[in-house]
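The values are calculated or read from the model by the stated rules, or taken from the named source; none is laboratory data. Since the model is a prediction, treat every value here as computed from it, not as a measurement. Note: ideal-geometry Cβ built from the backbone for every residue, glycine included; neighbour counts use all protein chains shown.
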Amino acid sequence: IDNPTHGNQAYSNLNEGYGKVLRYGAYSEEVLDKLRWINGTLGPVLREALEQSDGLDIRALLAEALHMGDEGHNRNKAGSLLYLKLLSPLIAKVVKDEGVEAEVLQFLGDNALSVLNPVMAACKVMADAAHGVEGSTVVTAMARNGTDFGVRVSGLGDDWFTAPAGIPEGLYFPGFTSEDANADIGDSTITETAGIGGFAMASAPAIVAFVSGTPQDALNTTLEMYEITVAEHEHFTMPPLEFRGTPTGIDIRKVVELGITPRINTGIAHKEPGVGQVGAGLVRPPKEIFEQALFAYAERYQL
């Protein structure tokens with residue numbers, strides 16, 4: 001993904017879908033077969049298709065999806081269909097084998113997370129453009145690895161501030177419970193870093209059927225995030241809030257002062273390797289990472 005304004009780039013792999021997938025720790029032959037197909041068929045088709053265009057405007061796609069019931073992280077039903085709409089004529093131009101064309105279109109259409117990975121890379125180029133601003137207390141990256149949760153801050157160089165990751169609270173697939181859950185994982189929190197995902201849940205009341213809660217909880221989550229951010233997004237607006245921009249730019253000072261940590265919606269992985277995704281829910285980063293960052297900020301800038 002290119003950021004033409006600031007000249008930076010970011011990358012992501014292609015989304016495998018839900019459930020038994022590598023990113024959630026599954027590695028069966030079924031998982032490997034899908035990865036081989038993504039590498040050998042889907043990837044080359046998408047490359048050739050995109051070469052027929054000037055690229056896809058992911059920011060514009062995401063802005064439209066927020067007006068159609070998505071929040072850009074765990075609910076991407078509208079965005080993935082918009083993605084398919086843009087890609088379909090390009091795929092039809094380059095794929096001569098009708099069977100392959102049908103297979104690719106079916107996969108993209110069936111996977112409601114198809115657009116998530118390009119969206120994550122788009123959020124990454126947005127957030128990276130804000131990194132390295134002298135004196136800034138804005139968070140420019142959040143990530144988890146199943147053990148730790150870390151943040152990076154614009155005015156603090158390449159330092160990361162980490163603490164143990166929490167276990168999400170949410171809904172589980174049939175046959176699984178919170179006893180099966182691993183600590184929070186993944187780099188998809190770059191979406192919340194850029195002002196969507198959990199921060200835009202007001203636009204996606206139906207997401208509560210996936211991550212738990214009520215439509216009012218979704219609205220309240222977004223409203224709470226305005227308390228700890230520095231701006232309202234110019235492009236990402238939410239109809240339920242009179243087209244107010246999403247809360248954007250987590251400020252470590254506000255987090256520590258108010259004691260409010262970011263709200264993140266997330267998939268839940270099984271704690272045992274090989275099983276995969278077992279649910280989805282909500283999680284907050286540990287407060288101490290923001291306290292660590294603020295202490296480092298005070299030391300760096302001699303406050």
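Select from the range 164-181 the residues that are closer than 23 Å to Gly72 by Cα and not hydroxyl-bearing (Ser, Thr, Tyr) and write down the one among them that is surrounded by the most Cβ atoms within 10 Å (Cβ to Cβ). Steps first, please.
Taking the range 164-181 first, the residues closer than 23 Å to Gly72 by Cα are 165-173.
Checking which are not hydroxyl-bearing (Ser, Thr, Tyr) leaves us with 165-171, 173.
Values: Ala165: 22, Gly166: 16, Ile167: 14, Pro168: 26, Glu169: 16, Gly170: 22, Leu171: 16, Phe173: 15.
My answer is Pro168.
When you go through Gly175, Gly197, Gly135 one by one, which is the residue that is touching a Gly at 6+ places or on another chain (Cβ under 8 Å) and over 24 Å from Ala218 (Cβ atoms)?
Numbers: Gly175 fails: touching a Gly at 6+ places or on another chain (Cβ under 8 Å); Gly197 fails: over 24 Å from Ala218 (Cβ atoms).
Exactly one of Gly175, Gly197, Gly135 is touching a Gly at 6+ places or on another chain (Cβ under 8 Å) and over 24 Å from Ala218 (Cβ atoms), namely Gly135.
Give the residues of the range 207-229 that are out of contact with any helix residue (DSSP H, G or I) (no Cβ under 8 Å at 6 or more places or on another chain), at pLDDT 95 or above and not polar (S, T, N, Q), sorted by residue number.
Glu224, Tyr226
With the requirement that a residue be in a helix (DSSP H, G or I) and surrounded by fewer than 17 Cβ atoms within 10 Å (Cβ to Cβ), what does the range 87-108 give you?
Restricting attention to the range 87-108, the residues satisfying the condition of being in a helix (DSSP H, G or I) are 87-94, 98-108.
Matches in the range 87-108: Ser88, Pro89, Ala92, Lys93, Val94, Glu98, Gly99, Val100, Glu101, Ala102, Glu103, Gln106.
If the requirement is being over 13 Å from Asp57 (Cα atoms), out of contact with any Lys or Arg (no Cβ under 8 Å at 6 or more places or on another chain) and either touching a residue at least 24 places away in the same chain (Cβ under 8 Å) or of a type in the set (Ser, Thr, Tyr) (or both), which of these qualifies: Val115, Val95, Val119?
Working: Val115 fails: over 13 Å from Asp57 (Cα atoms); Val119 fails: over 13 Å from Asp57 (Cα atoms).
Exactly one residue qualifies, and that residue is Val95.
Hey, can you tell me all the residues within the range 11-35 that are in contact with a strand residue (DSSP E or B) (Cβ under 9 Å, 6 or more places away or on another chain), of a type outside the set (Lys, Arg), crowded, with 18+ Cβ neighbours inside 10 Å and in a loop (DSSP other than H, G, I, E, B)?
Restricting attention to the range 11-35, the residues satisfying the condition of being in contact with a strand residue (DSSP E or B) (Cβ under 9 Å, 6 or more places away or on another chain) are 18-21, 23-26.
Narrowing further to those that are of a type outside the set (Lys, Arg): 18-19, 21, 24-26.
Checking which are crowded, with 18+ Cβ neighbours inside 10 Å leaves us with 21, 24-26.
Residues satisfying the conditions are Val21, Gly25, Ala26.
Consider the range 36-56. How many of its residues are of a type outside the set (Ser, Thr, Tyr), in contact with a Leu (Cβ under 9 Å, 6 or more places away or on another chain) and in a loop (DSSP other than H, G, I, E, B)?
Here the count works out to 3.
Which of (1) buried (at least 24 other Cβ atoms within 10 Å of the Cβ); (2) among the β-branched types (Val, Ile, Thr); (3) closer than 24 Å to Ser154 by Cβ does Val230 not meet, given it meets every other one?
(1)
Looking only at the range 266-283, count every residue that is out of contact with any Phe, Trp or Tyr (no Cβ under 6 Å at 6 or more places or on another chain) and either aliphatic (A, V, I, L, M) or within 13 Å of Val211 (Cβ to Cβ) (or both) and tell me the total.
So the answer is 7.
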